[in-house]
Amino acid sequence: MPGVLEGIRVLDFGRYIAGPFCGTMLGDLGAEVIRIEKREGSEDRWVTPVAEGGEGAMFLQMGRNKLGMTLDPMKPGGREIVHKLVAVSDVVIANLPYADLKRMGIDYESLSAINPRIILATNSTFGSEGPYAKRVGFDTIGQAMSGAMYLTGDGKVPTRMNAPYVDFGSALFATVGVLAALMERASSGKGQKVETALLRTAINIANGHLIEQAMLDLNRVATLNRGFTAGPSDTFKCKDGWIYAMTIGQPLFVRWCRLMGNEALEEDPRFKDDLARGDNGEALSAIMQKWCDGRTVKEALAELEANRIPAGPIYTPQQALEDPHVQAADFLHGMDYPGAKKPIPVLQEPVKLSRTPLTIRRRAPQLGEHTDEILQELGYDPAAIEKFHDEGVI
């Protein structure tokens, strides 16, 4: 079954996550995505190597449903190829510094002069406006400057989230922007620039905390895993492992009190509402911890589930892979890759569509795997392609 973006061609000049995962999502939706890398391979190809060729875990995730091409757009021959590709494409993705985009000839002004229908999706650390516009950075800079790191950890050492949520959030916002631009282009016939920024994404995710600070001036500090505006909401150690449990809202709190065998807590003024329960969460966590002390993870979760209280086990990465629900619901797709000793578990579908599902149609490409094929489609003959190889263009 064709995807909803069948017929759309995307040129992915992205690096790491914020750009490439936007391309991955568009590819999952059916677009033809060409990943364009430096001749020696982009840096993100080799992060956390898991295959014999050196390809890394992140690249194997981001590279699915993409054709692979190497190209040096700084050389005259490379500029010519970029021009031809842009002329027959719909979207360009580039999370590179704006000065680099201009040098490479893939800034919006250059692209739209070639193809007025082109959509450029850019991502940077701080955006194109403001005093930090020329600074570079990664996901953690967004975490740090949004207040999120300060509110995470033990209150002594600001703590980052290892999973790069700012990068992925930016990629998803970019995907939404590209889809909106494609819809608008259907009526106007014109492309446009779609811009995201890591700090903008991080501020969006932390916006509730910032609004609270602006309006109430509470100056919160980190409370490790305890929730600010709910309780009990914390990590709890059982006899054989850890769980996270959370109550928010009066009905959940009432059920939790009864499970604890202490209905008097319902009338305690310290716990009158979610905000009060968050402010006095340490006392509620102590009650819950005592309850967990005598139970295994399985026993605690069974009782919490029976009382409709949200809770889950705290897994190692290996346990996450082995979880029966993850396996039964086919969350992960085993993708073969040259040099990988076993199938690579890549998320099957980030979002499920009932009639036009997202699909994984091809593995991540090897370095430059489809370069010659793409150039042939652009009309270059074997002699011209060989000349590009000799000149170091591809």
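A few notes on this one:
- Largest GNM mean-square fluctuation among LEU11, LEU198, LEU224, using the chain with Cα springs under 10 Å: LEU224.
- Estimated vicinal HN-Hα couplings, Hz - the range 304-312 in sequence order (Karplus 6.51, -1.76, 1.60; Gly, Pro = x): 5, 5, 4, 9, 6, 10, x, 7, x
- Ordering of 347-356, 157-166 by packing [mean C-beta count within 10 Å, highest first]: 157-166, 347-356
- Relative packing of 98-106, 334-342, which averages over residues the other C-beta atoms within 10 Å, highest first: 98-106, 334-342
- Relative to the dominant Cα principal axis of the chain, helix 250-259 is inclined by about 60°.
- Per DSSP, loop trypsin sites (Lys or Arg not before Pro) in the range 279-316 with at most 13 further Cβ within 10 Å: ARG308
- Packing, as the average of other Cβ atoms within 10 Å across residues, places the peptides 186-197, 378-389 in the order 186-197, 378-389, highest first.
- Each 5 Å bin from 0 upward holds the following percent of the Cα-Cα pairs of the range 100-189: 3, 12, 15, 18, 18, 13, 9, 6, 4, 2, 1.
- A cut-off under 11 angstrom between Cβ atoms defines the neighbours of LEU199, and their net charge, with Lys, Arg +1 and Asp, Glu -1, is +1.
- Rounded to the nearest whole Hz, the Karplus-based 3J(HN,Hα) values (6.51 cos²θ - 1.76 cosθ + 1.60, θ = phi - 60°) of the range 8-25 follow the sequence 8, 10, 10, 9, 9, 8, x, 9, 6, 10, 4, x, x, 6, 4, x, 4, 4, with x at glycine and proline.
- Ascending count of other beta-carbon atoms within 10 Å, so fewest first, for GLU32, GLU299: GLU299, GLU32
- Relative contact order [Cα under 8 Å, 6+ residues apart], the range 277-394, whole percent: 10
- Calculated [θ] (222 nm, deg cm²/dmol) that DSSP helices of n ≥ 4 give over the chain, each run adding -39,500 (n - 2.57): -11500 deg cm²/dmol
- Karplus-derived 3J(HN,Hα) values for the range 325-330, using 6.51 cos²θ - 1.76 cosθ + 1.60 with θ = phi - 60°, are 6, 4, 6, 5, 8, 6 Hz; glycine and proline are entered as x.
- Taking other C-beta atoms within 10 angstrom as a stand-in for reagent exposure, LEU301, LEU321 fall in the order LEU321, LEU301, fewest first.
- For the chain, the antiparallel share of DSSP beta bridges with both residues in that region comes to about 40%.
- Computed lengthening from ARG270 to ALA57, 0.36 nm per intervening residue step minus Cα-Cα distance: 71.9 nm
- Residues with amide H under 5 Å from that of LEU347, placed H, sequence gap 5 or more: HIS333
- Amide H contacts under 5 Å for ILE118, placed H, 5+ residues apart: GLY191
- The range 184-304: relative contact order in percent, alpha carbon pairs under 8 Å with at least 6 residues between: 26
- Amide H contacts of VAL33: VAL10, LEU67, each under 5 Å away and 5 or more positions distant or on a separate chain (H built 1.01 Å from N in the peptide plane; Pro and chain starts excluded).
- With Rh defined as the Kirkwood radius, the inverse of the mean 1/r over Cα pairs, the Rg/Rh of the range 233-316 is 0.95.
- Angle in degrees between helix 281-293 and the longest Cα principal axis of the chain, rounded to the nearest 10: 80
- Between helix 207-216 and the chain: long-axis angle, C-alpha atoms, 0 to 90°, nearest 10: 50
- Cα→Cβ-extended label distance, 7 Å offset, between ASN219 and VAL47, nm: 3.7
Taken together, the values in this text are just the output of simple stated rules run on the coordinates, not laboratory data. No experiment lies behind these values; they were computed from the predicted model shown. We place every Cβ from the backbone using ideal geometry, glycine too, and count neighbours over all the protein chains shown.
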